[in-house]
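The values are calculated or read from the model by the stated rules, or taken from the named source; none is laboratory data. All figures in this text were calculated on a predicted structure; none of them were measured in a lab. Here Cβ is always computed from backbone atoms with ideal geometry, including for glycine, and neighbour counts include all displayed protein chains.
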Amino acid sequence: MTPSRILPLLLLALGLAACSDPEPETTPPPASAGDASPSVEARETVPAEADPAAAMDALYAAYFEDLLALYPTLATSIGDRRYNDQYPNTLSPAHREKARAMQERYLREARAIGDAGLTGQDRVSYRVFVRAREDALAEMEFPRWLMPINQFRNPANSFARLGSGASSQPFETVEDYENFLGRMAGFPAWADQAVTNMREGMRTGVVQPRILMEKALPQLAAQISDDPEQTMFWRPVAAMPQSFPGADRERLTAAYREAISEQVIPAYRRLHDFVRDEYLPVTRKTVGLYALPQGREWYAQRVREYTTTDLTAAEIHELGLAEVERIHGEMRTVMADVGFEGGLDDFFTFMNTDKQFYFDRKEDLLAGYEALRARVDAGVAPLFSLTPAADYEIRPVEPFREKSAAGGSYQRPSADGTRPGIFFVNTYDLSARPSWAMESLFLHEAVPGHHFQIAINQELDALPSFRRFSFYTAYTEGWALYAESLGKAMGVYEDPYQYFGKLNAELWRAVRLVVDTGIHDKGWSRQEVLDFMYANSAVNEARAIAEAERYMAIPGQALSYKIGQLKIQELRNRAEASMGERFDIRDFHATVLESGALPLDVLETEVERWMEEPATGAAAR
């Protein structure tokens, strides 16, 4: 779910704190000092005589163009094909300095223009833009580049997905195939830079936990083969359109064979062997960020950015404990409704082990999600006036990453409408995929959760591009968790066990507040995290381990779900209380969605404005 590395610089550059896709297409692509990206100092941006709104619009447009040039796979992910042949080494000192210079320059120019005279969405854009630049520069103070891969945020996995023909990289024309040859030529520089950076991390004491890198090794090994035709990168060759001229087919087939054999596989092998032979022996037994140099300060920065609040780790830990207790009370009500005799722990065991809740075949699990589409779609109209034009598909998680992937995730559609969104369902280990979790997961990842919010966000053509394609994790994941609460109003959760699944999903996000802060601030061990999970939720071993290790890999990200959900629910409660009969749920949802992803304090300001001026609210617009 949605969503990045320890947080990829790219996501920060957009002003976002996460993505629901576990291997986001927007993960910073690799780049070298000699990459083809234009200098961020080279663009003309804002005419000095322009009025502030026009000047800022010009600045936003220039920024987004520079961003796409600096991070070509972001352009690919949104359907912009201009840079589809580039895979720059984003880990290199030159690229990192270029990124820093870009953030500093645009922050400086935005402040010089200022927000005097800006109103409405122009003022919102200014606040979000300046804040995002500040966040990006704050994040750059910590050496995330020294730990470039782990089992959950592994750009080498993202590259394999790009090259598989089943992701955002198009393989439709001869030019498309030639473009990816360029990207394969760029990948070795990134892989070698990853090794260089990890060696520096070994010297400075900034290394990953051992358990995470043990899980990353098989992911790297999966891309290594003596036969290029047995790799994911050969799939586009095997599926090459018959319409291509024979000479092109022959030329491209030979070129792919050579590039995979001589460039890609050796790069994966070098990276894999380094991790196995040199890096793994010096990885750490501790699992929290606190154990690294300036680790608690680093985590505090992660908390601020992921939650878009000033809450401390200690405050969030206590909030999590209180939420766990509250949700336990609601679960006991479900136990009474189904006539279960025993304690909460007994009920957890029953829900985790009774065969009625589990599928025997992966195909049946996928079919169950497909069947949910019609039921959920029928419940949309009473709650939503604003819906996306883009469609979505349901697909299983690819085998090479399914062991470490979340139970479900979402990948955005292309902005041009040529590629739908994707709801990825993890079909690995069906004993970890209970049927009672399906309805809440569907609402979270697909409709009306991530698919609605992310697709609508990038369809807001009146907003500047940096807002259309950005995420704030507390908003994005907070919305998706809030969307789970809409199930009864949408005609699902009719089965009390499915409603238990909703409560368990919410409980899981409350548990995250406790264990993420426990890991990275309080110094909890991996086993202490697992013990807390087993004692407080209906989770089996496979999922508990995958989730615990996810929190180790991306500090702070897990906090955003519950913090965001609580804020959105609080805003709805306030609106209902203050507006009375004037409150319209469709209007409220449109108000929350129509400005795209926002920091929570900015969202609060927008909802309060709507509450005070209902005649100009979302319904009227």
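Numbers for the structure displayed
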{"item": "Every residue from region 76-85 that is in contact with a helix residue (DSSP H, G or I) (Cβ under 8 Å, 6 or more places away or on another chain) and surrounded by fewer than 24 Cβ atoms within 10 Å (Cβ to Cβ)", "result": "Ile78, Asp80, Arg81, Arg82, Tyr83, Asn84, Asp85"}
{"item": "Residue check for Phe466: hydrophobic (A, V, I, L, M, F, W, C) and at pLDDT below 95", "result": "yes"}
{"item": "Residue check for Val515: aliphatic (A, V, I, L, M) and under 26 Å from Thr308 (Cβ atoms)", "result": "yes"}
{"item": "Failed criterion for Arg296 (all others in (1) farther than 30 Å from Phe350 by Cα; (2) buried (at least 18 other Cβ atoms within 10 Å of the Cβ) hold)", "result": "(2)"}
{"item": "Hits in region 423-456 - residues which are in contact with a Pro (Cβ under 9 Å, 6 or more places away or on another chain), surrounded by fewer than 24 Cβ atoms within 10 Å (Cβ to Cβ) and part of a helix (DSSP H, G or I)", "result": "Ala455, Ile456"}
{"item": "Residue match in region 262-275 (condition: modelled with pLDDT of 95 or more and over 22 Å from Ala216 (Cβ atoms))", "result": "yes"}
{"item": "Residue list for region 263-282, restricted to those being crowded, with 20+ Cβ neighbours inside 10 Å and under 16 Å from Met213 (Cβ atoms)", "result": "Tyr268, Leu271, His272, Val275, Tyr279"}
{"item": "Residues (assigned to a helix (DSSP H, G or I), in contact with a helix residue (DSSP H, G or I) (Cβ under 8 Å, 6 or more places away or on another chain) and under 14 Å from Phe171 (Cβ atoms)) located in region 236-258", "result": "Pro236, Val237, Ala238, Asp248, Leu252, Thr253, Ala255, Tyr256"}
{"item": "Residue among Arg210, Arg257, Arg251 that is under 30 Å from Gly295 (Cα atoms), of a type in the set (Lys, Arg) and surrounded by fewer than 22 Cβ atoms within 10 Å (Cβ to Cβ)", "result": "Arg210"}
{"item": "Of the criteria (1) of a type outside the set (Asp, Glu); (2) over 24 Å from Asp377 (Cβ atoms); (3) crowded, with 24+ Cβ neighbours inside 10 Å, which one Gly501 fails", "result": "(2)"}
{"item": "Subset of region 310-336 [surrounded by fewer than 12 Cβ atoms within 10 Å (Cβ to Cβ) and more than 28 Å from Pro555 (Cα to Cα)]", "result": "Gly329, Ala336"}
{"item": "Given (1) under 27 Å from Asn457 (Cα atoms); (2) part of a helix (DSSP H, G or I), index of the condition Thr517 fails", "result": "(1)"}
{"item": "Test: Arg304 is closer than 23 Å to Leu507 by Cα, in the same structural domain as Asp495 (by TED's automatic domain parsing), of a type in the set (Lys, Arg) and surrounded by fewer than 20 Cβ atoms within 10 Å (Cβ to Cβ)", "result": "no"}
{"item": "Positions within region 529-562 being part of a helix (DSSP H, G or I) and farther than 20 Å from Lys215 by Cα, in sequence order", "result": "Asp531, Phe532, Met533, Tyr534, Ala535, Asn536, Leu559, Ser560, Tyr561, Lys562"}
